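Every number here is computed from the coordinates shown, using simple stated rules; none is lab data. Predicted model only: the values in this text are computed from it and were never measured. Here Cβ is always computed from backbone atoms with ideal geometry, including for glycine, and neighbour counts include all displayed protein chains.
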Amino acid sequence: MKRLFLSLLAGVALMVSAFGQVPAPLEMTSAPGTPNLTKELSRKIGGKAFAKKTAELPAYAREQAYLLTVTPKGYKVEANTETGYFYALQTLKQMETCGTVYDYPRFQYRGFMMDVSRHFRDKDFILKQLEALASLKINQFHMHLTDDAGWRLQIDKYPLLTRQAAWRVGETWQDWCDQGRQYSQECAPEARGGYLTKADIREILDRAAQLHINVIPEIEMPGHSREVVFAYPEVGCREGSYELCPGKEATFELLEGVLEEVIELFPSPYIHVGGDEADKSHWKECPDCQARMKAEGLANVEELQSYLIKRIERFINARGRQLLGWDEILEGGLSPNATVMSWRGTQGGLEAIQQGHDAVMTPGRYCYLDKVQDAPIYEPEGWGGFLSLDVAHSYEPMEGMPEEAQMHLLGVQGNLWAERIPTNEHYEYMMYPRIAAIAEVGWSQPSRKDNFRERVTRWNDNLIAAGYHAFDLHKEYGERPAYKNGVKHLALGKPVKYNKLWNRGYPAARETTLTDGICGGWSYGDGRWQGFLTDIDVVIDLESVQPVHYVGGTFLCEPGPGIYLPKSVEVWLSSDGENFEQVATIPNEIQEPCQSYVLFGTPINAQARYVRFVAHPTRGFHFLDEVVVN
Ligand SMILES: [Zn+2]
């Protein structure tokens, strides 16, 4: 009878959606009973049965796979490695029913990048984040350790990097920029900043290893290196240049000395060397750079950067490690064994993969967590746009990738740059819960990603209860209402003549943008906002003389990426398209630029066929999505 009862129970076990789990597991069944999550009944690591079950999987998935069974009496785990066992325990913590979970990751690499340069984050903060990342089965922690705003890693051979270049004048990154980007000295009264000692790093590495997380150090070169040139001016081209000089041997001596200690400290198979956004203009005039280009037969400064990266790659490879860099390392020729981290869209990653290299996808559109996550009018200032939880979760890394190339796609990573994030609380707020979306993109099969919002809300609530300052999903405002609903008005579908054209980087729907009834969302880059670097001057043809009662347009203001409100807006009317009469001037009444969406609109009482809408620029970009006429 008892046996029959058990088999009946087995009969009602159901394949269920990823109930209560982030990231969603591959296969999950549930069974009745109250789960006992504390008693381990058995643990088989490296057993024959599980090895057979997973024999067909790629090596990385075999290593991370597990089988977890939870009953009212306790739980059992089977795995091929300690890592698989560890992931079973992460799943166990989120189990809400009895049942079985068979699981392995979709991608081998699931990363998070922390920027500890722009604002220093200390060891305790980092250790706290590792715990949350591990619960999401994230297995790569990329530390952006060096940048203009501060060098954050103890290097014994070059002590000025931390005695001087880790300290600055200015509490926040913005203060530092506003005050002329000056450095200071350790212990000086005005000094702000800090660095991680080697002892700190060892503690981080020890805990990360227990959490089955690899820590990837990033030492930026040759751009984003102002702090290095400040501490050791002999590695710059000349006074006033802030990139490293690839012409001078002193540069390689310093970089190799630094990397020697980095490699000794970090066991990571990958060493990240940055490689992004170098301003190469000084190299064109520097005699050392020119001599190097001549001696090495380099045609341009892109090839000179490539020379530096290739030489550093040889150094890293000779010590048994792999070079990882941002997608700019493709320019001027990619180093032979390099792995590319694709951030400027996915093109760099695809290109690297087509050349037979490995790539990690981290496109800004889906993976840059420094963008605001909710209505910018209610959010602390972000950096360049809007990225909702749902959009991050919708990312499909395989899109556009030929099947034979997919083996080179290592995985995905979320990046959290910190220019606008002075405090630890704000950093956590930007990190969670969006990193959970990225973790699921990296771990879960697309078919298992449903019910994410319900699952992640529970996960996030638990995180908040555990003392993390995560964004509260219960208070989410959501997308801009006009974006969802659009707008109907008198000029809908009417032709627009541009006296000045839009900026070609932000055409939106070109000539139809301003009268198509489609409104922009919280992101200037969503293809619905039209961008202008000049004044805006357009004429809408209503196609017949009509009463006009109102004209207005909404402008976006986002100082981070340099988007501002116009000084003023003018409305002109005409019956014949030749003789215009100005009927209104609308001044900008918001003095301090802040993240906002400001309507420049005015009541009018006139008859007209042509409506001329003019906006006078202040600085930077102006973005407009619709000119509403009623
Ligand atoms: Zn130079």
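Please work out, to two decimal places, the log10 of the ratio I(q)/I(0) at q = 0.11 Å⁻¹ from a Debye calculation in which every Cα of region 1-151 carries one identical scatterer.
Cα-only, vacuum Debye calculation for region 1-151: -0.52.
Scale the Cα Rg of region 344-396 by the rule-of-thumb value 2.2 N^0.38 Å and send over the ratio, two decimals. Write out the running numbers ahead of the final one.
Working: Rg = 13.6 Å, N = 53, 2.2 N^0.38 = 9.9 Å.
For region 344-396, the normalised Cα radius of gyration comes out at 1.37.
Show me, for region 296-311, the HN-Hα J-couplings you get by feeding each phi into the Karplus relation (A = 6.51, B = -1.76, C = 1.60, θ = phi - 60°), rounded to Hz, glycine and proline as x.
9, x, 8, 7, 7, 5, 5, 5, 5, 4, 4, 4, 4, 5, 5, 5
Using the alpha carbon gyration tensor of region 52-99, what are the three equivalent-ellipsoid semi-axes (square root of 5 times each eigenvalue), largest first, in whole Å?
With the √(5λ) rule applied to region 52-99, the semi-axes are 21, 11, 8 Å.
Which of the pairs Lys73/Lys93; Lys93/Lys123; Lys44/Lys93; Lys371/Lys449; Lys44/Lys198; Lys484/Lys567 have their Cα atoms more than 27 Å apart in this structure?
Pairs exceeding 27 Å: Lys44/Lys198; Lys484/Lys567.
What distance in nm separates the two pseudo spin-label positions at Glu190 and Ala55, each 7 Å out from Cα along the beta-carbon direction?
Taking the simple label geometry, Glu190 and Ala55 are separated by 7.1 nm.
Pick out, from Val598, Phe315, Gly385, the residue whose Cα sits farthest towards the positive end of the charge dipole of the chain, with +1 on the Cβ of Lys and Arg and -1 on the Cβ of Asp and Glu.
My answer, from the dipole projection, is Phe315.
Among Asp147, Asp122, Asp526, which comes first, second and so on when ranked by fewest other beta-carbon atoms within 10 Å?
Fewest to most other Cβ atoms nearby, the residues stand as Asp122, Asp526, Asp147.
Can you list residues from other chains, or at least 5 along the same chain, whose modelled amide H is less than 5 Å from the amide H of Arg118?
Ala418
What is the chain's relative contact order, in percent, from Cα pairs under 8 angstrom and six or more apart in sequence?
11 percent
Over the alpha-carbon set of the chain, work out the extent along each principal axis and list the three values in angstrom, largest first.
Answer, in whole Å and largest first: 91, 75, 52 Å.
Considering the Cα trace of region 262-393, what is its radius of gyration and what is Dmax, both in angstroms?
Rg and Dmax of region 262-393, Cα atoms, are 17.7, 56 Å.
Hey, if you put +1 on the Cβ of every Lys and Arg and -1 on every Asp and Glu Cβ in the chain, which of Trp459, Val16, Val360 ends up farthest toward the positive end of that dipole?
The residue sitting farthest along the positive end of the dipole is Val16.
Work out, step by step, the length gained on full extension between Gln406 and Lys497: first 0.36 nm times the residue separation, then minus their alpha carbon distance; give nm to one decimal. Kindly include the intermediate steps, with their values, before the conclusion.
On the way: separation 91, 0.36 × 91 = 32.76 nm, distance 4.62 nm.
Result for the pair: 28.1 nm of gain on full extension.
Would you please classify the overall shape of region 314-375 from the alpha carbon gyration tensor, given that a ≥ b ≥ c denote the square roots of the eigenvalues, rounded means a/c under 1.5, and beyond that prolate means a/b larger than b/c while oblate covers the rest?
prolate
What number comes out for the charge environment of His474, summing +1 per Lys or Arg and -1 per Asp or Glu over other residues with Cβ under 13 Å away?
Taking every Cβ under 13 Å from that of His474, the sum is -2.
Counting only residues 5 or more places away or on other chains, whose amide H sits under 5 Å from the amide H of Asp358 once H atoms are built in the peptide plane?
Counting only residues 5 or more places away or on other chains, the set is Val340.
With θ set to phi - 60°, apply the Karplus curve 6.51 cos²θ - 1.76 cosθ + 1.60 along region 270-287 and write out the HN-Hα couplings as whole Hz, x wherever there is a Gly or Pro.
9, 10, 8, 10, x, x, 9, 6, 6, 8, 8, 5, 5, 5, 5, 10, 6, x
About the Cα centre of the chain, how large is the charge dipole given +1 on each Lys and Arg Cβ and -1 on each Asp and Glu Cβ? Please answer in debye to the nearest 20.
2380 debye
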